[in-house]
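Every read-out reported here was derived from the displayed coordinates using simple, explicitly stated rules and does not represent laboratory data. Here the structure is a predicted model, which is why all the values come from computation and not from measurement. Because the Cβ atoms are built from the backbone with ideal geometry, glycine has one as well, and the counts that use them run over all protein chains shown.
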Amino acid sequence: MAPRQSMPPNQDVRLPASRYILFFCIAAAGLAADLITKHLAFKHFFNPITAGQEPRWWIDGVFGLQTATNPGALFGLGSGLSWLFAILSIVAITVILGWLFLLKGALDRWLTFTLALITGGILGNLYDRVGMGALPGYPQEIRTNVRDWILFRLEGVPFFDPWPNFNLADCWLVCGAAFLFFHALFLNPGASDSELPASPTKTSHDTQTS
């Protein structure tokens, strides 16, 4: 029997259905958690006419709820450019889907989970930036702002006194970035998935005999 020719990595490898299920379930759960918590916080604790909201502390002086809207990105950067961040969000999601399902990045479970988490975060803030998070009565100038409600501070600690208000979508993005960094440093991409079978397609070398 002639030796079988080796195949390039990920070529003719079929992704199992579990990868699609993992990705879309994590992304959907992250999006739902973000939107539900935003809706509840802003329905009960936000006055669109008031410039600022009084904090409601759950851990006195450290952790609580304070609704606010952000017209830009992290730390308010890019104020008024919601349309640009919305476009970048759509591009990012397109790249993630191509990476996972066209380039077969989803062979790696850790990468699939991480990018699903990031996708949930992107979609949560994109929802706000296209105006879908605005409730009736919101002034026009805040209708495409991102809704933030989590308040955190460490008194006397630089950059954390206070930390800018954020939401669960921001948490998913930060955690996803940390997981990607960990993946790049310590994990061998796809190593835990070597059990995935190659496509049953045979080459002409498989049938040749010596």
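Around Arg147, with a cut-off of 10 angstrom between Cβ atoms, what is the net charge of the other residues, counting Lys and Arg +1 and Asp and Glu -1?
-2
Quick check for me: using +1 on Lys/Arg Cβ and -1 on Asp/Glu Cβ, what's the dipole size of region 17-192 about its Cα centre, in debye to the nearest 20?
Its charge dipole is roughly 500 debye.
Evaluate E = 1/(1 + (r/R0)^6) for His44 and Thr94, where r is the Cβ-Cβ distance and R0 equals 30 Å; express this FRET efficiency to the nearest 0.05.
0.25
How long are the semi-axes of the ellipsoid equivalent to region 17-192, from square roots of 5 times the Cα gyration tensor eigenvalues, in whole Å, largest first?
31, 19, 14
Between Leu102 and Phe182, what is the spin-label point distance in nm, taking each point 7 Å from the Cα along the Cα→C-beta axis?
Simple spin-label model gives 3.0 nm for this pair.
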